[in-house]
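Undergrad: Below you will find the structure I want to go over with you.
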Amino acid sequence: MSFGIEAASYYVPSLYLEIKDLAEKRGIEPAKLEKGLGLHKMGFPDLHEDAATFAAEALLKLIRDYEINPKDISRIYLGTESAIDAAKPTASYAMQMVEKVLEPEFGKRCFKNCDIVDLTFACIGAVDALHNSLDFVRVNPDKKAIVIASDYAKYELASSGEYTQGGGAVSLLISAKPDLIEIENHWGVATESVFDFFKPRRHFKKEDLTNAPENFPDKIEIFTDEPVFDGQYSNQCYQDRIREAYEHYKEVSGQEKPYQNWKYLIFHLPYAFHGKRVFTEIYSLENGLSYSNPQEQKAVAKSEDYLKFISDKIEKTQRASSEIGNMYTASIFMALLSGLQTSFSEKEELAGQEIGFLGYGSGSKSKVFAGKVSENWKTVVEKWNLFENLNERLAIDFDTYEKLHRKQLEHSVNPGYTGFGLESVEHENPVLLGARYYGFKE
Ligand SMILES: CC(C)(COP(=O)([O-])OP(=O)([O-])OC[C@H]1O[C@@H](n2cnc3c(N)ncnc32)[C@H](O)[C@@H]1OP(=O)([O-])[O-])[C@@H](O)C(=O)NCCC(=O)NCCSC(=O)C[C@@](C)(O)CC(=O)[O-]
């Protein structure tokens, strides 16, 4: 019996900012961002969008495109690090939004007997949800699970993370009928507790805040959606963890040079070119190349063999990231969609090919695993139209971007939007203070 991904869908924020506009305003050479890091557009949420609406959109699209009966879904596990509440899972908001839309067809509370939960481990939380859900269907082959990866990658204005911002969601149907990709049960894992990127509770005093309301407490401790991070150190942690997890994968799978058998290498992409920049180390180790100082490392990165390797096994998986930016938990799955969509559009046959995954989450953990593209993969991919849909987004100017970022806008940039949207947040009723209410526009 085989297990894996039966179907997949996605949602990207409805707005975007051209990276060259950001570069110009921040005094950064556009070529550094475009040619150095591979960034072209930054996906950005409108006022009514958040990790819950992204998740709801990706869930509804999955159900509709692949004609899934929601009552057949035993669990929805959502990986996110942009939870909208510290206790009530974002999955519960997404589930309720979708239930309401499906009510005419499936009756009230179609997910009544569905097990839902959020999993958080920075960018790797949705890989954990996938791993866990695969174990679940292996034990219960007649059941199906849905994994959703949903995030809004937001950094402080003018920080070195700002140009990597992005967001969106990917949803995956996990079952014993893996029409898209069969996932093998070998998992390389590496974990170390580090402070490369994290979102601690932070203390604020009333005087720290502009426009604090009269009744605001003198001191408050809150989570903010902007991380504390050390960019270059986080790169190093990423490189170290994927090397360790890859070594572990070799042990558990009994393979000598697994990457050589992989058609695509699917990385967690905090920005488009990250995977190809960090894989030089594993590549050097596998091929007996010297890699001990920056000159040697540059030489490997620029070598003809490595450039061909990137062009064959990585480049197509980066394309969506260049148009969206970091999607945190969803980035690795969007890299998969990008590679498969491009192969599909170029009429390349992938059935039977092996694909390797290298996940990373700050804080830190890596998981390395692999899968085989199924005979039916094209029947799944034909629903995506990924790059056409990216072209449907609305461009915003820098001024609007900054206002959205600072939460200074009163109304959505696109008041005529369709789909899910946040409609209000309770601020009067003391027993519901902060409750978020969402709606759906056809
Ligand atoms: C990612 C960094 C560190 C990048 O940091 P940076 O300082 O912006 O860029 P850099 O100096 O590392 O690299 C710039 C590249 O552009 C090139 N360059 C320069 N100028 C030009 C030019 N004119 N024309 C062409 N190329 C140019 C330059 O040569 C270099 O390329 P290289 O040669 O080294 O490959 C920064 O954006 C950052 O701090 N981001 C936030 C943290 C982050 O994304 N870390 C990534 C690893 S950790 C991770 O992935 C987890 C995460 C973040 O997703 C969170 C989670 O797990 O939840």
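Undergrad: Restrict the check to segment 90-109 and report whether at least one residue is part of a loop (DSSP other than H, G, I, E, B) and within 26 Å of G4 (Cα to Cα).
TA: Scanning segment 90-109, I find no residue that is part of a loop (DSSP other than H, G, I, E, B) and within 26 Å of G4 (Cα to Cα), so the answer is no.
Listed here are the residues, each with its yes/no results for (1) in contact with a helix residue (DSSP H, G or I) (Cβ under 7 Å, 6 or more places away or on another chain); (2) among the aromatic types (F, W, Y).
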position: E34; (1), (2): yes, no
position: L39; (1), (2): yes, no
position: G43; (1), (2): yes, no
position: A56; (1), (2): yes, no
position: L60; (1), (2): yes, no
position: E67; (1), (2): no, no
position: Y77; (1), (2): yes, yes
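Undergrad: Further question on the same structure: Enumerate the pairs (first residue in segment 269-287 and touching a residue at least 40 places away in the same chain (Cβ under 8 Å) and under 24 Å from A320 (Cα atoms); second residue anywhere and in a loop (DSSP other than H, G, I, E, B) and among the β-branched types (V, I, T)) with beta-carbon separation below 6 Å, excluding pairs fewer than 6 apart on the same chain, so at least 6 apart or on different chains.
TA: So the pair list comes out as G275/I314; K276/I314.
Undergrad: Taking A86, is it over 19 Å from M334 (Cα atoms) and at pLDDT below 95?
TA: Against the criterion (over 19 Å from M334 (Cα atoms) and at pLDDT below 95), A86 qualifies.
Undergrad: Helices (runs of 4 or more DSSP H) wholly in segment 362-410 with at least 3 residues that are within 18 Å of the chain's Cα centre (by Cα) and modelled with pLDDT of 95 or more - which ones?
TA: Because the criterion is at least 3 residues that are within 18 Å of the chain's Cα centre (by Cα) and modelled with pLDDT of 95 or more, the helices (runs of 4 or more DSSP H) in segment 362-410 that meet it are 386-390.
For (1) over 28 Å from A351 (Cα atoms); (2) among the charged types (D, E, K, R); (3) more than 16 Å from the ligand (Cβ to nearest atom); (4) in contact with a strand residue (DSSP E or B) (Cβ under 9 Å, 6 or more places away or on another chain), each residue gets a yes or a no:
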{"position": "Y238", "(1), (2), (3), (4)": "yes, no, no, yes"}
{"position": "I242", "(1), (2), (3), (4)": "no, no, no, yes"}
{"position": "K257", "(1), (2), (3), (4)": "no, yes, yes, no"}
{"position": "K263", "(1), (2), (3), (4)": "no, yes, yes, yes"}
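Undergrad: Just one of Y155, Y163 is assigned to a helix (DSSP H, G or I), more than 30 Å from K378 (Cα to Cα) and within 16 Å of the ligand (Cβ to nearest atom); which is it?
TA: Y163
Undergrad: In segment 39-72, how many residues are within 14 Å of the ligand (Cβ to nearest atom) and surrounded by fewer than 21 Cβ atoms within 10 Å (Cβ to Cβ)?
TA: 1
Undergrad: What single numbered condition from (1) crowded, with 18+ Cβ neighbours inside 10 Å; (2) away from the ligand (no atom under 16 Å from the Cβ) fails to hold for D135?
TA: (1) is the only condition that D135 fails.
Undergrad: Here's a follow-up. Given the conditions (1) among the basic types (K, R); (2) closer than 30 Å to D142 by Cβ; (3) surrounded by fewer than 19 Cβ atoms within 10 Å (Cβ to Cβ), report the number of the one that R75 does not fulfil.
TA: (3)
Undergrad: If we keep just the residues of segment 198-236 that are β-branched (V, I, T) and in a loop (DSSP other than H, G, I, E, B), which is farthest from the ligand (Cβ to nearest atom)?
TA: T210
Undergrad: Give just the number: which of (1) free of Cβ contacts under 8 Å to residues at least 24 places away in the same chain; (2) within 12 Å of the ligand (Cβ to nearest atom) does D312 not satisfy?
TA: Every listed condition holds for D312 apart from (2).
Undergrad: Answer yes or no as to whether K100 is over 24 Å from the mean Cα position of the chain (by Cα), within 26 Å of E423 (Cβ to Cβ) and free of Cβ contacts under 8 Å to residues at least 40 places away in the same chain.
TA: no
Undergrad: Moving on. Note down all Cβ pairs under 6 Å where the first residue falls in segment 250-267 and is at pLDDT 95 or above, the second is among the basic types (K, R), and they're at least six residues apart or on different chains.
TA: Here the result reads Y264/K313; L265/K313, each pair linking segment 250-267 to a residue that is among the basic types (K, R).
The values are calculated or read from the model by the stated rules, or taken from the named source; none is laboratory data. What you are looking at is a predicted structure, and each value in this text was computed from that prediction instead of being measured. Ideal geometry is used to build each Cβ from the backbone, glycine not excepted, and the neighbour counts take in all protein chains shown.
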